[in-house]
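The values are calculated or read from the model by the stated rules, or taken from the named source; none is laboratory data. All of these numbers come straight from a predicted model, not from anything done at the bench. For neighbour counting, all protein chains shown are included, and Cβ atoms are generated from backbone atoms with ideal geometry for every residue, glycine included.
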Amino acid sequence: MLPSLKSAVTLNDRPARAGGRKATDCQVLAMLLSLPTGLVTMGQGAYAAGPMPVSTAGTVVPAGQETHSQPENMVVHITPRPPIQVYPHANPVGQPLRMSGAENRKNGHQYDWGVFNRGNGEAAGFGPVGRYGVAPWAEDWSNLRDRKKRNDPFDVLKYIPLTRSGNVWISFSGETRLRNWFESRPQLGTQKPNDSGRFAVRNLYGADLHIGSHLRFFGQLVNADAAGWGGYGYGSTYRKRLDAQQAFAEVRWNMLGAKSGFMFGRQQFLDAPSYMLYNRETPNVPLSWDGFRAYMVWKRIRIDGWDFVQTYDSENKMFHDTENYATRLYGFNTTWAPPDFTFMGQKGYSFVDAFYIGYKLNGSAGAIAGPNNTSVTGSNTRNNFGMRWHGLAGPIEFSVGGIWQGGVFRQSGTTQARNVSAYAINSSLGYRFSDKTFNTFAGIQTDVYSGGNSNDRSGTIGTYISPFNPQTNYLDTTTYMTGSNLISFAPLIRITPFKSVSIQIKYPLFWRDSVNDPVYRSSGFYKFAGNFRGKFIGMAPQASVAWQINTHVSWTQYVSRFMTSRSLNEAGGSSGTYYQSNFVFRF
């Protein structure tokens, strides 16, 4: 974090003496001193004026007529450096900084959703939104029609009028992410070789065409590659030839007093708790869906409905992604914003989500754990009925939710049908200290995902599943744990000493909910050399540092030490160190 600079820096240049610096040397020195700030503030509206010779009388000396017999003053003008907002993460609790709806609307370029813009903006149903967010398709840059509001070199790409009236315009967006990992004992020691290092790069570049205020078309391209030593898991979600990540049309109108919209085509979907469903952050290719979505937003309530099939992104040819009809996602959500209140002398607000989300999985995607560490494939239908209450009450930030998961599993090659009855309970609670204490947030996160009995060949299945990539860092930075047959307890603390730097320390502990069910990972379950009989899996102290270098460039690092329990070590598991670095450019 560089110290702030005054709007004018004045250097007094004395006449040159024998053996001393010339006046022109001091001018060059002053310009060099101004360069680092100009570089770091690139994209923030900063500029530096060239040195201007001024006479002792205060008048400007014409070029070429300077005299060195009198002292000179040189002034470098620099506009005040605007604050850089740390890129927001999903989960309304424990953000780096608290943001009101008006602040998020101004800084994040989110559409005007009223009270649903509060916090990180995800209450509106389109994911977290910062200066540049997870969802560029949810950003509104129409305010740049007023040229006076353009203060960034990339603003010329964010609003380009195509007609004289400016009613038809296009906006471009882009992201390039460089990510690398190191794992001393990948996947709790079950993945070989040890000391794996991976490197990945991805490019997401899109265009948002607006035709009036009621119709728009959004398209986004993806390209990715990966390499490393001792690497594993490289597939079509890591190595991707150029393809369409998103391509949809949206129609908007006002109906029954609500801001309404209908979106059709290939798109990302984030209108669910991030601990249940998210963006597929770890691989290079984000999760996308083909289908439709409709929404209505009133002053204090909004509704959303959707029906999708997953994009089939396993092709390795250019522009060959199609629809995967074996995997479906459908449902509806209602979010209510109760009246604001006062608690402990401070303002408070909250949101209540009520939702139904259905999954249909077939083949290996729908497999369940069977006897003797086998996988049983089949058709897996899950119906999720859930609620979540989240918000802030004075200095307290909270989120509590529950999901009951019903459904049916039909094993391949048989007529047998097994009912499903599973659940998940998720909560986060913490205290936000004043900004005088580095915006410190201290809290506790608890999660329970039910387990079952993998030895059962019939009867009700009790294992909860969350197959669509919950937020990577919600449970465990290493991604070794996932939301099935798991109990997690995690104290955490986050400090944001500067608006551009945020640090989090978290200490999760993990247990199995049922000792008759295996330990699950992001895809499938672990198969250890021996029989793991214990309940306690281990603990994974972890830390992260997010640095928003400037408006467009960020660097985030994660480190964790997963310490497996004695019982798991005896079964063949192993403790390991995990490190991840993300260098991201966005516009």
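Annotations for the structure displayed:
- Only strands (runs of 3 or more DSSP E) whose full extent lies in the range 267-372 are considered here, and the ones with at least 1 residues that are within 22 Å of the chain's Cα centre (by Cα) and surrounded by 15 or more Cβ atoms within 10 Å (Cβ to Cβ) are 289-297, 301-312, 322-336, 346-361.
- Checking every residue in the range 187-200 against the condition of being surrounded by fewer than 17 Cβ atoms within 10 Å (Cβ to Cβ) and either among the aliphatic types (A, V, I, L, M) or outside the structural domain of ASP271 (by TED's automatic domain parsing) (or both) gives zero matches.
- Residue count for the range 284-301 under the criterion of being touching a residue at least 60 places away in the same chain (Cβ under 8 Å) and closer than 27 Å to PRO339 by Cβ: the result is 4.
- Residue in the range 291-314 that is among the polar types (S, T, N, Q), closer than 25 Å to ARG202 by Cα and in contact with an Asp or Glu (Cβ under 6 Å, 6 or more places away or on another chain) present: yes
- Extreme residue, nearest to ALA272 (Cα to Cα), among residues of the range 119-156 that are part of a loop (DSSP other than H, G, I, E, B) and among the acidic types (Asp, Glu): ASP140
- Checklist (1) of a type in the set (Ser, Thr, Tyr); (2) over 30 Å from THR415 (Cα atoms); (3) surrounded by 23 or more Cβ atoms within 10 Å (Cβ to Cβ) applied to THR437, failing item: (3)
- If you go through the range 414-466 and pick out every residue that is more than 29 Å from GLU397 (Cβ to Cβ) and either over 32 Å from the mean Cα position of the chain (by Cα) or not hydroxyl-bearing (Ser, Thr, Tyr) (or both), you end up with 19.
- ASN550 being more than 17 Å from the chain's Cα centre (by Cα), under 30 Å from SER173 (Cα atoms), of a type in the set (S, T, N, Q) and not in a strand (DSSP E or B): yes
- Contact map, the range 524-535: residues that are under 16 Å from THR479 (Cα atoms) paired with residues that are hydroxyl-bearing (Ser, Thr, Tyr) and part of a loop (DSSP other than H, G, I, E, B), Cβ distance under 6 Å, separation 6+ or inter-chain. Pairs shown: TYR526/THR190.
- Test: residue in the range 515-538 that is within 23 Å of the chain's Cα centre (by Cα) and not in a loop (DSSP other than H, G, I, E, B): no
- Selection of the range 201-230 for residues being surrounded by 17 or more Cβ atoms within 10 Å (Cβ to Cβ) and of a type in the set (Asp, Glu) yields only ASP208.
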